[in-house]
Amino acid sequence: MEQLLAKLYQTNHLTHDEIVELLGNLTPEGKKELFRMADETRQRHYGKAVFMRGLVEFSNICKQDCLYCGLRRSNPSADRYRLTDDEILSCIEEGHELGYRSFVLQSGEDFRYTDASLAAIIRRIKSRYPEVAITLSVGERSEACYQAWFEAGADRYLLRHETASRELYETLHPGMSYDNRVQCLTTLKRIGYQVGAGFMVGLPGQTARHLADDLLFLHDLQPEMIGIGPFIPHSATPLAHESGGTVDQSLVMIALARLFIPDAMLPATTAMGTLDPVGREKALRAGANVVMPILSPLAVREKYALYENKICTGDEASHCRHCIEMRIVASGYQIDLGRGDHCSVTGPCPA
Ligand code: 5AD
């Protein structure tokens, strides 16, 4: 195990068999060493900075039916909402006043927001606040649509691959195609977006071999951002009675992702904070360097329930900012409210 960790640290790569062996033999001391290596690698690329992104969850309406997700179209108990353009703008305005210069617009796959209408929202934000970075996270669309949004001023796109196992992917996503998912990610990269991929940990049927596939997939794709978090069963989905992922398993995968893709922007996800009151702080110490406080209006926060008991659903945006900032500083890191571009955008990444 020590040799595998040393090899990973030096070369940022392991074979599939080596990853499986490492995952099967990690001792508590081995984990500590892994987290230390990941923290050091993050430090070399981004120092002590933790980048803040204001998250606007603007619609929970979704045409997809992902088995794990509380927003799946077959969940009649989800209380659906859509924010108007003006409501989205006022979330951004509030975030901007709080100092954020990086925003994520996320929603279910809601085609009421058309190629043109979302482009118009992006343009409004960019003309009012040219200095901010806009990240979209709205699912699978056509290449022409991705191109139009990029031209309107979107800088980044989050589209987790969810799992790099075709079989697991197609079981969990009825009617969706693994190839199309991968195609979307490569199209987004080619257009020029900073791209975010990522996966859930603890999915039903997921083994160490699947997780090894995820790391190697990410290593091939070289995304600028990587979202990793535990699967949390939602009671109104077909996976209600499955067991879900743990913070511990997710920390290991976050640290491994940091070592496989050393320059990635890696969020300490809300799902981590939901399972463990200090889950996000633990993620930062295991190599994560981004947090995404929620800016959505209080009235809709609880409705954006990918899973239940999500943290921060009752907090004002300003409270959220101060709460998370305190936690970051107390963990020994520094808040960065800037655009938080990937190192390749601002200059060459460190070797
Ligand atoms: N538990 C954890 N993460 C989830 N996501 C969706 N549903 C769940 C769940 N039940 C994740 C998916 C998606 C991201 C926005 O949230 O990975 O890409």
About the Cα centre of the chain, how large is the charge dipole given +1 on each Lys and Arg Cβ and -1 on each Asp and Glu Cβ? Please answer in debye to the nearest 20.
400 debye
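Just the number, please: carbon plus sulfur as a percent of the accessible area of the chain, 1.4 Å probe, no ligands or DNA/RNA counted.
On the chain, the fraction of accessible area on carbon and sulfur atoms equals 52 percent.
Residues with beta-carbon under 13 Å from that of residue 286, excluding residue 286: net charge, scoring Lys, Arg +1 and Asp, Glu -1?
Details: positive: 31, 32, 36, 42, 258, 280, 282, 285; negative: 33, 39, 40, 248, 276, 281.
Value of the local net charge: +2.
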With axes computed from alpha carbons, what is the tilt in degrees of helix 28-46 against the longest principal axis of the chain, rounded to the nearest 10 within 0 to 90?
50 degrees
Counting heavy atoms of the protein chains only and a 1.4 Å probe, report the per residue accessible area for the stretch 2-341 as a whole number of Å².
38 Å²
Taking every pair of alpha-carbon atoms in the stretch 1-113, what share in percent sits in each 10 Å bin, from 0 to the bin with the longest distance?
12, 24, 17, 26, 20, 1
Can you give the extra length, in nm with one decimal, that the chain gains between residue 246 and residue 179 once fully stretched, where that is 0.36 nm per residue apart less the Cα-Cα distance?
21.3 nm
Against the longest alpha carbon principal axis of the chain, how many degrees, from 0 to 90 and to the nearest 10, is the axis of helix 247-260 turned?
80 degrees
Residue 17 accessible area, 1.4 Å probe, all protein chains in place, Å² to nearest 10:
100 Å²
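First check a/c for the chain, with a ≥ b ≥ c the square roots of the eigenvalues of its C-alpha gyration tensor; if it is under 1.5, answer rounded, and if not, answer prolate when a/b is larger than b/c or oblate otherwise.
Working: a/c = 1.43, a/b = 1.25, b/c = 1.14.
Rounded shape, in that the Cα axes give a/c under 1.5.
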Amide H of residue 133 versus every other amide H placed in the peptide plane: which residues, excluding those fewer than 5 positions away on the same chain, fall under 5 Å?
102, 103
Could you compute the net charge surrounding residue 296? Neighbours are other residues with a C-beta less than 15 Å from the C-beta of residue 296; K and R count +1, D and E count -1.
-4
Helix 143-152 axis, angle to the chain major axis (alpha carbon atoms, nearest 10°):
70 degrees
Taking K and R as +1 and D and E as -1, what net charge do the other residues with C-beta under 10 Å from the C-beta of residue 14 add up to?
-2
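Before rounding to the nearest 500, sum -39500 (n - 2.57) across all DSSP H runs of length at least 4 in the chain and divide by the residue total; then give [θ] at 222 nm in deg cm²/dmol.
Values: 15 runs with 161 residues, N = 351.
For the chain, the value works out to -14000 deg cm²/dmol.
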Run the reach check for residue 303 against aspartates and glutamates, Cα to Cα strictly under 12 Å, same-chain hits fewer than 8 apart removed. What comes back?
57, 79
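Report, as a whole number in µm² per second, the diffusion coefficient that Stokes-Einstein gives for the stretch 212-351 at 25 °C and 0.890 mPa s using the Kirkwood radius over alpha carbon pairs. Can you show the working numbers first?
Values: Rh = 16.2 Å.
The calculation lands on 151 µm²/s.
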Evaluate the charge dipole of the stretch 262-328 about its Cα centre and quote only its size in Debye, nearest 20, assuming +1 on the Cβ of each Lys and Arg and -1 on the Cβ of each Asp and Glu.
40 debye
Cα centroids of the stretch 285-351 and the stretch 16-91: how far apart, whole angstrom?
11 Å
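Could you work out the relative contact order of the stretch 2-341? I mean the mean sequence separation of Cα pairs under 8 Å and 6+ apart, divided by the number of residues, in percent. Kindly include the intermediate steps, with their values, before the conclusion.
Details: 628 pairs, mean separation 86.4, N = 340.
Reported relative contact order: 25 percent.
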Please flag any cysteine in the chain that has no other cysteine's Cβ under 4.7 angstrom from its own Cβ.
62, 91, 145, 184, 312, 320, 323
Once the dipole of the stretch 34-126 is set up with Lys and Arg at +1 and Asp and Glu at -1 on Cβ about the Cα centre, which of 111, 121, 43 lies farthest towards its positive end?
43
Name the residue farthest towards the positive end of the dipole of the stretch 111-225 from the options 134, 219, 144, assuming +1 on Cβ of Lys and Arg, -1 on Cβ of Asp and Glu, about the Cα centre.
134
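The values are calculated or read from the model by the stated rules, or taken from the named source; none is laboratory data. Everything numeric in this text was worked out from a predicted model, so none of it was measured. Counting neighbours? That spans all protein chains shown, and the Cβs are built from the backbone with ideal geometry, glycine included. Side chains are part of the model used for accessible areas, which takes the heavy atoms of the whole protein and leaves out ligands, DNA and RNA. Shrake-Rupley method; radii C 1.70, N 1.55, O 1.52, S 1.80 Å.
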